[in-house]
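See below for the structure under consideration.
Just so it is clear, none of the values below were taken in a lab; they were calculated from the coordinates. These figures come from a predicted structure and were not determined experimentally. Ideal geometry is used to build each Cβ from the backbone, glycine not excepted, and the neighbour counts take in all protein chains shown.
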Amino acid sequence: AQSVTQLGSHVSVSEGALVLLRCNYSSSVPPYLFWYVQYPNQGLQLLLKYTSAATLVKGINGFEAEFKKSETSFHLTKPSAHMSDAAEYFCAVSDPSASSASKIIFGSGTRLSIRP
Amino acid sequence: SQTIHQWPATLVQPVGSPLSLECTVEGTSNPNLYWYRQAAGRGLQLLFYSVGIGQISSEVPQNLSASRPQDRQFILSSKKLLLSDSGFYLCAWSAQNYGYTFGSGTRLTVV
């Protein structure tokens, strides 16, 4: 079985500061990992995904995440926060070997607030 | 390119009334389709998924049902809404395991 844990339901950083959103996963097989962003009253948008290629994955809006197998982590970072980054962020995991319906397991989400 | 359409965007319904939310996908064939619900302040709960026409799997027993009458159409229904059915409903599609593409969501308020 797979699972995802997002540490911290709410993270607040100052504009221009480093953004670090933590995600740890549990999987019995090498996983695919994803980060999604959700703005208020909107659907989820894919930020980036890890599919067993490069361990450092670059996404949209200046975000990146590093897959660390030894730590079972896939933390999301951005060097300098912008006010427009305020949103809810979801980490997710799936089993690439699963047949047909590839259910993705989502974490509980982390709300990112940006202080002026 | 693939697009996913979900409607309506907002809906206010009285308790005991029926519900029908529709989701359609364009630009792909035989997608896996999903319905999620997001209650206020909570994460995403998978309600139903479908791997093909007429094939529905339910993740959580509840007051809702789903149908897939056509390859790229996924419908979420209820015969009688409850207050607890309020939430933000999201449709999504995927091909294999390369992540989901989500619709813009429907905000349902049951009053």
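With springs only between Cα atoms under 10 Å apart, run a GNM on chain A and tell me which of A:Glu15, A:Glu88, A:Glu71 wobbles the most.
Greatest mean-square fluctuation among the candidates belongs to A:Glu71.
Given 4 °C and 1.567 mPa s, compute D for chain B with the Stokes-Einstein relation, Rh being the Kirkwood radius over Cα pairs; round to the nearest whole µm²/s.
It diffuses with D of about 93 µm²/s by this estimate.
Write down the Kirkwood hydrodynamic radius of the range A:31-77, to one decimal in angstroms, obtained as one divided by the mean of 1/r over all alpha carbon pairs.
One over the average 1/r among Cα pairs gives 11.2 Å for the range A:31-77.
Among the trypsin sites (Lys or Arg not before Pro) in the range B:1-82, which ones are in a DSSP loop with at most 12 other Cβ atoms within 10 Å of the Cβ? Mind listing them?
Qualifying residues, ordered by number: B:Arg42, B:Lys79, B:Lys80.
Calculate the spin-label point distance for B:Ser57 paired with A:Asn61, positioning each point 7 Å from the Cα along the beta-carbon direction, and give it in nanometres.
For the pair A:Asn61/B:Ser57, the computed spacing is 3.0 nm.
Dimensions of chain A along principal axes (Cα, Å, largest first)?
Taking max minus min along each principal axis of the Cα atoms, chain A gives 46, 30, 22 Å.
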